[in-house]
Amino acid sequence: MYKISLKDLDTLFREIAGNNELILPVKKAGQINFGAYEEGVETDLINKSVKSPKDAFFPQFETLYNVKKTITPADELADGEEAANTKIRTKLSIEMEGLKDKDFVIFGMRACDVKGVEVLDNVFLSDPVDSFYKARRDHGIIVALACKEPEESCFCTVFGVDPADPTKAKADVATWIVGEDLYWKAVTEKGEKLTESVKSALTDADEAAVESEKANITSIMDKLPNTKLSLEGWGAGKTDEKFNSELWGKIYNPCLGCGTCTFVCPTCQCYDIKDYTTKDGIQRYRCWDSCMYSDFTLMAGGQNRTSQLQRFRQRFMHKLVYYPDRYDGMFSCVGCGRCVDKCPQSLNIVKVIKAFDKEEKGGAV
């Protein structure tokens with residue numbers, strides 16, 4: 001194990017950025033989000049980012065390919081070449097967008113966000129494998145950071161996440177902030193390679209201080225209001241029971257269908273594919289979408305979920321029933337608490353779980 005003084009973190013960041021693209025929690029206009037490192041950027045390693053860092057692997061917007069149109073006037077055609085008409089020849093060519101081919105480091109991911117990447121892996125790395133996502137996963141190096149100050153909205157432990165010990169997450173390097181130092185421990189081969197490249201900025205450290213910090217973080221988590229949330233009645237095999245519950249009709253109404261919950265969520269993976277007309281052709285791209293929108297998967301024949309109640313139910317059924325059904329009981333919520341923080345109507349997954357728990361125990365909802 002190694003450590004570095006917090007006041008020297010810029011030295012560490014420069015070392016990492018010297019060989020890799022570096023993405024880390026950046027503070028701009030009072031908001032914390034993951035962004036590219038540059039000299040003098042203000043970072044915040046203590047507080048939770050507004051959005052998860054999932055777009056390092058699954059970008060909010062990405063070009064898939066471009067279709068180029070080339071028009072050749074008839075008088076410029078080669079001798080003997082005939083145009084489809086007497087004036088011009090039109091040629092279309094497809095240029096695929098290149099895949100990620102260089103290593104990059106995401107520094108400061110919380111254990112819940114690393115778990116979120118596991119959820120995305122199940123979707124994008126299953127057959128047929130998403131080549132864009134896979135290239136980013138292959139080249140991405142995750143430096144996870146223990147939660148120094150878990151927030152009141154956090155409930156990751158409900159889903160088996162340990163915010164105190166990033167070595168249990170599928171990260172490449174685990175780090176902790178203890179006192180005035182950042183402690184560093186490589187976990188995977190990728191992590192060992194990164195550690196070797198920045199070793200000059202690190203010094204040897206004893207793990208005793210980290211063990212004390214783990215206990216402190218666990219103690220904080222135990223006192224938070226949502227960490228005793230019960231998942232009884234949710235999970236694989238509960239589709240009919242939960243889908244047909246009349247409770248959805250009682251609790252959905254305040255939902256605005258704004259989609260804020262899906263855009264801050266580390267595990268939401270819905271996207272749309274669109275074509276955009278450019279000056280000389282067509283650009284095909286994909287972008288995040290939301291099951292909470294009335295036009296999600298809208299086609300000429302209509303939309304298969306025609307009411308906000310149906311869309312509201314879909315979001316939580318997917319997190320708590322459909323996904324566990326498909327992926328060996330694994331939930332697609334990681335308890336990061338971002339939807340708890342950001343839903344303008346306070347109609348988040350915690351409230352849904354508690355409402356069902358209360359009804360099943362015979363209480364009024």
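Coordinate-derived values only; no laboratory data. What you are looking at is a predicted structure, and each value in this text was computed from that prediction instead of being measured. Note: ideal-geometry Cβ built from the backbone for every residue, glycine included; neighbour counts use all protein chains shown.
Rounded to the nearest 20 debye, what is the charge dipole size of the stretch 182-333 about its Cα centre when +1 sits on each Lys and Arg Cβ and -1 on each Asp and Glu Cβ?
660
Rounded to the nearest whole Å³, what is the per residue volume of the convex hull around the Cα atoms of the stretch 305-354?
79
Using alpha carbons only, what's the Rg to Rh ratio of the stretch 1-48 with Rh from Kirkwood?
Taking Rg over the Kirkwood Rh, I get 0.97.
³J(HN,Hα) across the stretch 120-132 via Karplus (A = 6.51, B = -1.76, C = 1.60, θ = phi - 60°), whole Hz, x for Gly/Pro?
Coupling constants for the stretch 120-132: 5, 4, 4, 7, 8, 9, 7, 5, x, 5, 7, 5, 5 Hz.
Let me know the number of lysine pairs in the stretch 222-287 closer than 22 Å at the Cα, not counting same-chain pairs under 8 apart.
Lysine pairs, 8 or more places apart or on different chains, close enough: 4.
Of Ala135, Asn216, Ala186, whose Cα points farthest to the positive end of the dipole of the stretch 81-221 (charges on the beta-carbon: +1 Lys, Arg; -1 Asp, Glu; origin at the Cα centre)?
Ala135
Note down the magnitude of the dipole of the chain about its Cα centre, charges +1 on Lys and Arg C-beta and -1 on Asp and Glu C-beta and zero elsewhere, to the nearest 20 debye.
My answer is approximately 1340 debye.
Can you give the Kirkwood hydrodynamic radius for the stretch 277-346, in Å, rounded to one decimal and based on Cα pairs?
14.9
From the phi angles alone, apply the Karplus equation (6.51, -1.76, 1.60; θ = phi - 60°) to the stretch 328-341 and give each ³J(HN,Hα) in whole Hz, x where the residue is Gly or Pro.
Rounded to whole hertz, the list is 6, x, 6, 7, 9, 10, 10, x, 6, x, 5, 5, 5, 6.
How large is the charge dipole for the stretch 145-238, taken about the Cα centre, if only the Cβ atoms of Lys, Arg (+1) and Asp, Glu (-1) carry charge, to the nearest 20 debye?
460
Can you list, by residue number, the Cys in the chain that have no neighbouring cysteine C-beta under 4.7 Å?
Within the chain, the cysteines lacking a partner Cβ under 4.7 Å are Cys147, Cys154, Cys255, Cys258, Cys270, Cys287, Cys291, Cys333, Cys343.
Please work out how many pairs of lysine residues in the stretch 9-68 are eight or more positions apart (or on different chains) and have Cα atoms closer than 26 angstrom.
Count of close lysine pairs: 6.
Write out the GluC sites (Glu not before Pro) in the stretch 7-46 meeting two conditions: DSSP loop, and at most 15 other Cβ atoms within 10 Å of their Cβ.
For GluC sites (Glu not before Pro) across the stretch 7-46 that sit outside H, G, I, E and B with at most 15 neighbouring Cβ atoms in 10 Å, the list reads Glu38, Glu39, Glu42.
How large is the Rg to Rh ratio of the stretch 153-310 when both quantities use alpha carbon positions and Rh follows Kirkwood?
1.10
Could you check which residue among Lys148, Lys51, Lys199 shows the biggest mean-square fluctuation in a GNM of the chain with a 10 Å Cα cutoff?
Comparing Lys148, Lys51, Lys199 in a Gaussian network model of the chain, the most mobile one is Lys199.
Taking 7 Å along the Cα-to-C-beta vector as the label spot, tell me the Glu241-Thr218 distance in nanometres, rounded to one decimal.
Modelled inter-label distance: 3.1 nm.
How large is the Kirkwood hydrodynamic radius of the stretch 159-212, counting all unique pairs of alpha carbons, in Å?
Mean inverse Cα-Cα distance, inverted, gives 12.0 Å.
Order these peptides, 152-161, 343-352, by their mean beta-carbon neighbour count within 10 angstrom, highest first.
152-161, 343-352
With each pseudo-label sitting 7 Å past Cα toward Cβ, what's the Met1-Thr227 distance in nm, one decimal?
Roughly 2.0 nm, to one decimal.
With each pseudo-label sitting 7 Å past Cα toward Cβ, what's the Arg305-Lys358 distance in nm, one decimal?
Taking the two extended label points, one gets 2.3 nm.
What is the diffusion coefficient of the stretch 140-244 in µm²/s, taking the Kirkwood radius over Cα pairs and the Stokes-Einstein relation at 4 °C with a viscosity of 1.567 mPa s?
It comes out at roughly 82 µm²/s.
Report the antiparallel proportion of the DSSP beta bridges in the chain as a percent, rounded to a multiple of 5.
80
Quantify how much of the Cα-Cα distance distribution of the chain extends past 40 Å, in percent.
Of the Cα pairs, 25 percent sit more than 40 Å apart.
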